[in-house]
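Any read-out appearing in this document is the output of simple, stated calculations on the displayed coordinates, not a laboratory observation. On a predicted model such as this, the values are computed, not experimentally measured, just so you know. Cβ placement follows ideal geometry from the backbone for every residue including glycine, while neighbour counts extend to all protein chains displayed.
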Amino acid sequence: QTVAYIASFVPGRPVKWVASRKEDFTSTVIAHGMRIRMKIGAKKDGKLVAMKATLYHSTGAYADTGVNIAQGAAHSSTGPYEVPNCHLEAYSVYTNTPPVGAYRAYGYQYSHFALERLMSILARKLNMDEFELREKNYLGEGKENALGEKMWKMHGDVKKCTDLVKKAIFSKPKPKEDERYFYGRGFAAIVKGPKGAPNSSKGCYIKFNIDGSVSINMGGAEVGQGLRTVVKQVTAEALKIPPEKVRVYTEIDTQFSPWEWQTIGSMFTVQGGRAIVRAAERLIQKLKQNAAYALRCDIDMLDYDGEYVFLKSDPSVRISVPEIVRGYMHDDGITVGEVLQATADARLPRYSLPDPKTGQGNMGVDYTFGAQGCEIRIDKKTGEIIVDHFASAFDVGQVINPVQIRGQVVGGVMMGIGATLYEELKFDKDGRIINPHFKTYRFPTIEDTPKKQTVEFVETPDEIGPFGARGIGEHPVIGVAPAILNAIYDAIGVDFYRIPITPDLIKKVIEEKKKQKTEVS
């Protein structure tokens, strides 16, 4: 980037820098590595009483995002459970490796990995059903998380999500081991709030056009998550017009676009949607005021239906939106009212920095709960792990676009499968990447997708997001690894505590178990 920037000063020459595959691997930011030591304590009846966790995050040579990732991982260490006594520490450690960047779930997946593995292990030690253990400790209305935030009904229902995954994965008997495969099933529960800064906000500009259509400009970046579609739908709903009448301005330029803190952290639908609704409310108020001038009445006497502003007492007395887009012009040319345009911004309410002494505070505010589970097969000869069925359920408050939200979940699950079973950067003793190409860096392809993906949603209305919606962008990644590793234990009776779990590793464990069995017999 630096070289390209300098070269751009050469007059008359367009500049483009294209990295080779090796350069891309070695000179750009990479995903995270984290080592976690976690203990949980519970009573004999399964009620959690304490947790102690120390997390070490490898930030690479620079710490651009490292501290925030470590903080997010520590804050989420207790996951969707109420744990009254916690000591949670996280360290972002400099290492002689490429620096890390933002990665979907931003640290939450690592603490959930340790936690959900421990919850399944604890259930075995207590000789207790793992669902009963989890449900006994789930956060719910009136309970507090590790940050000291009280949960309300609007935060969602993790129990309902759990029931949906249980029905999809655990309602039928598990297939019995045969000559070729071991079979296993696993589960994980999750929670995540939008992750940003207390002063993070998103801006919005909306205007009515002369034909009654609407143009909207926002600073959020479309990176494949479907931002434009959500903006179009929320705007249309807020202004009571068809989505096809909304034009979303997509050319982002920080010099001209409305303010946008960052498009990260599962925040856009919640924050951006709030900004759209606020701008739309201001626009409708201006619309009614213009109509009040035209119809010579008080503004409180008017209503609006998307096409007309009309008298509540007599809807036949009305004026169309295009007639008052630029104000209202009397017969003599005198114009009153305002041009129909409005701006607004929004941030998460009550969002705070952590207390310097306790580390607690309002740093989640708007939580999305979920549950994930899977059915797997393990090939006895090759050690290959095949995910046959993966189920996810999230309480998203309000589904805005059914097709798009399913795509978010399916894609997130595949990303999680990649991290769990395939993807691994390898380094030499000096921190150099030794597999900077796709010949030795394995990632999932279409052939590795689960044969079946069940995606379900619970809709407990939220009070912060637009029309009750909550964020969902990162959440599908979080429970994938612990669910698969819990399924591996269910299949072969071996606990793993790190990822990725490769076929060679599984094959080695299977051979060792065979050897031990032979020696005993």
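For Ile434, Ile264, what ranking results if the residue with the fewest other Cβ atoms within 10 Å of its Cβ goes first?
Ranked by crowding around the Cβ, least crowded first: Ile434, Ile264.
Principal-axis analysis of the Cα atoms of the chain puts helix 273-295 at an angle of about 10° to the longest axis.
Across the stretch 202-346, the mean sequence separation of Cα contacts (distance under 8 Å, 6 or more residues apart), normalised by length, yields a relative contact order of 31 percent. Between the residues Gln360, Pro243, Thr263, the greatest Cα displacement towards the positive end of the dipole of the chain, with unit charges on the Cβ of Lys, Arg, Asp and Glu, is found for Gln360.
Cβ crowding within 10 Å ranks Tyr94, Tyr328 as Tyr94, Tyr328, fewest other Cβ atoms first. Given R0 = 45 Å, the distance between the Cβ atoms of Lys240 and Lys452 translates into a calculated FRET efficiency of 0.70.
Write down, largest first, the equivalent ellipsoid semi-axes of the stretch 50-165 in whole Å, where each equals the square root of 5 times an eigenvalue of the alpha-carbon gyration tensor.
Values: eigenvalues 165, 51, 35 Å².
The equivalent ellipsoid of the stretch 50-165 has semi-axes of 29, 16, 13 Å.
Against the chain, whose longest principal axis is taken from its Cα atoms, helix 402-421 shows a tilt of about 30°. For the chain, the longest principal axis of the C-alpha atoms and the axis of helix 503-520 are separated by about 30°. Would you compute the Debye intensity of the stretch 313-426 from its alpha-carbon atoms alone, equal scatterers and no solvent, and pass along log10 I(q)/I(0) at q = 0.17 Å⁻¹ to two decimals? So the normalised log intensities work out to -1.06.
Once backbone amide H atoms are built at 1.01 Å from N, Tyr91 has Leu55, Tyr56, His57 as its partners under 5 Å, excluding neighbours fewer than 5 places away on the same chain. What you get for the stretch 131-189, charging only the Cβ of Lys and Arg (+1) and of Asp and Glu (-1), is a dipole of about 180 debye around the Cα centre.
Cβ crowding within 10 Å, taken as a proxy for footprinting-reagent exposure, orders Cys161, Cys86, Cys297 from fewest neighbours to most as Cys297, Cys86, Cys161. Separation of the stretch 378-450 from the stretch 131-149 is 29 Å, based on Cα centroids.
Tell me the GluC sites (Glu not before Pro) within the stretch 451-491 that lie in a loop according to DSSP and have at most 15 other beta-carbon atoms within 10 Å. Numbers along the way, then the final one.
Numbers: sites: Glu456, Glu459, Glu463, Glu474; in loops: Glu459, Glu463, Glu474.
Qualifying residues, ordered by number: Glu463.
For the stretch 68-74, the Karplus equation 6.51 cos²θ - 1.76 cosθ + 1.60, evaluated at θ = phi - 60°, returns couplings of 5, 5, 4, 4, x, 5, 5 Hz by residue, with Gly and Pro reported as x.
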